[in-house]
Number of protein chains: 2
Amino acid sequence: MKTLYVVGTGPGGKDLITPQALAAVEDSTDLVAYGLYMDLLGELVDSKTKHDLPLGEEIERARLALNLAAQGKTTALLSSGDIGIYAMATLVFELLDRQVQGLEDNPEWLEIDIQVTPGITAMQAGASKMGALLGHDFCAISLSDLLTPWETIETRIKAAAMADFVVSFYNPVSTKRTWQLGKAKEILLAHRPASTPVILGRNLTRETENIIITTLGELDSTRVDMLTLVQIGNSASKLFSTGSKEWIYTPRGYSRKLTIATP
Amino acid sequence: MKTLYVVGTGPGGKDLITPQALAAVEDSTDLVAYGLYMDLLGELVDSKTKHDLPLGEEIERARLALNLAAQGKTTALLSSGDIGIYAMATLVFELLDRQVQGLEDNPEWLEIDIQVTPGITAMQAGASKMGALLGHDFCAISLSDLLTPWETIETRIKAAAMADFVVSFYNPVSTKRTWQLGKAKEILLAHRPASTPVILGRNLTRETENIIITTLGELDSTRVDMLTLVQIGNSASKLFSTGSKEWIYTPRGYSRKLTIATP
């Protein structure tokens, strides 16, 4: 059996890597990833053949993983977070689909047993670190307009604003992507208060983790980079302090029930 | 130090429980949960004092967990999936916030060190089992109108339809909640093709897992119950077959790039 594991290794902290992800890495002889993700796995990857392709070469990485597996090498393609969310899994299936359509010339890809392992994604890490921001309906939007037209992205931000979703912005800012987050802020501000809590999470669950709490009104794009997740509460999300720690949560709507239930 | 762990134990499969979740359970003397979730943990929970409150008593469960921790018992409050997503975490913080506001009479709650551990949620389990449905922008909407007015839910479905989000419906159907999913289908059908792939995932990653693949046009509420997650592709999501297996993915927008890159 030829096997390709498509594995999300979680946000960074070793204690958030699932046993299924570890087992997939252990079972593999070859690992394909952007180098940084492999470093997070530590000694586990020492004995493996590592194929480290740089950021930007995503298609080549997916293709290489399929080719290695087709050659009979048990292979794990790795991304941090959930590999199914803004990451490599979808490219693997897009390539496979092209093969089925006859647009690729790699019939051996179709013999591979593919196993996808989900992982904790940044949005979950950020919410859990600060409490329970994702307690009610939410959406995730990538602000990267490299592969998606800005008009589509803007429509999604407007819909999220209108529907009062908690929003997690992936890929909010890059060297060339500087104004998009400001525009998103403007759209959301038309529908929810300036006091809406915002989490800026960088390197979540890693040793270098840095979490900044701010508000929608005070959100400053210059404090955000491509490694930062930007999470914006809905109109009911609340920041409070117990004295020793600040927490943010989005209520599910129990407040009326709580009021009735309390003596 | 008084400690309350607020822990998501993942969709069901033991190999998707994070080491952080297991460590929290191990460190606790008392576990608070709906019984089924504890069963999934097997022998690990044998030596613990178990507080098993039935479904429907969510507020009581959160209150009990806070009270036990405040008494000095290291306690873990457990939900399956991600406890921060449509689950118990937000209630813990809502109660804590009420204490800060003086609406509760439990000042000892404020001395508790609270640690939230995220878990793999059903939406990730369903997507990974079938490929990569969550490969691009997505939202999660609960169809439960017990605590959220139907008008709010309907606005969110309309926004999701308009914005072409991949949609995961949590709590789609119950004994009393019979027409909501049909209405959601109707709204989405106005914006995306009847051929849009749909995943009905029941007991995902458990031994009793049952996954049905259908289309938006064929979506039949009578095949869905309260344990089913309903996931609906966006207008670009695609179902294809390699002969031995069907896959569903949502492209990120690489197809133009792929066409250029292929000889």
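Quick notes on this structure:
- Considering all different alpha carbon pairs of the range B:170-252, the Kirkwood hydrodynamic radius works out to 13.4 Å.
- Straight-line cross-link partners of A:Lys158 among the lysines, defined as a Cα under 21 Å from its Cα and at least 8 positions apart when in the same chain: A:Lys183, A:Lys185, B:Lys158.
- Residues B:Thr175 and A:Arg177, FRET efficiency given R0 of 35 Å [Cβ-Cβ distance, rounded to 0.05]: 0.15
- Along its three principal directions, the equivalent ellipsoid of the range A:53-100 from the Cα gyration tensor extends over semi-axes of 17, 13, 11 Å, largest first.
- Using the alpha carbons alone, the radius of gyration of the range B:129-195 stands to its Kirkwood radius in an Rg to Rh ratio of 0.97.
- When chains B and A come together, the accessible area they lose, probed at 1.4 Å and totalled over both chains, is close to 7100 Å².
- Chain B: DSSP helices with Cα axial extent of at least 15 Å and average Kyte-Doolittle hydropathy no lower than -0.5: B:58-70, B:89-100, B:150-163
- For the range A:90-229, the extents of the C-alpha atoms along the principal axes are 55, 36, 31 Å, listed from largest to smallest.
- Highest to lowest packing among A:225-237, A:145-157, scored as the average C-beta count within 10 Å: A:225-237, A:145-157
- With both residues required to sit in the protein assembly as shown, DSSP beta bridges show an antiparallel share near 45%.
- With N counted as the residues of the protein assembly as shown, its alpha-carbon radius of gyration over 2.2 N^0.38 Å works out to 0.93.
- Along its first, second and third principal axes, ordered by size, chain A spans 64, 41, 35 Å in Cα coordinates.
- Treating each Cα of the range A:101-143 as an identical point scatterer and summing with the Debye formula, the log10 of I(q)/I(0) at q = 0.26, 0.31 Å⁻¹ comes to -1.00, -1.15.
- Peptide A:164-172 - average C-beta neighbours from other chains (10 Å radius): 2
- Computed packing ranks the peptides A:134-141, A:209-216 as A:134-141, A:209-216, most packed first, by mean other Cβ atoms within 10 Å.
- Structure remark: mean-square fluctuation, Gaussian network model of chain A, C-alpha springs under 10 Å; the largest value among A:Gly12, A:Gly182, A:Gly42 belongs to A:Gly42.
- Rounded to the nearest 10 square angstrom, A:Lys73 shows an accessible area of 80 square angstrom against a 1.4 Å probe.
- Percent of alpha-carbon pairs separated by more than 13 Å within the range A:132-171: 51 percent
- Ligands, DNA and RNA left out, the accessible area of chain B computed with a 1.4 Å probe is 51% carbon and sulfur.
- The largest-to-smallest principal axis extents of the Cα set in the range B:1-90 are 33, 26, 19 Å.
- Per residue accessible area of the range B:70-193, 1.4 Å probe, in Å²: 31 Å²
- Per residue of peptide A:12-25, the mean number of Cβ atoms on other chains within 10 Å of the residue Cβ is 4.
The values are calculated or read from the model by the stated rules, or taken from the named source; none is laboratory data. Small disclaimer: the values here were computed from a predicted structure and weren't measured. Cβ: placed from backbone, ideal geometry, glycine included. Neighbour counts: every protein chain shown. Just so you know, the surface numbers come from the protein's heavy atoms only, side chains and all, with ligands and any DNA or RNA stripped out. Shrake-Rupley method; radii C 1.70, N 1.55, O 1.52, S 1.80 Å.
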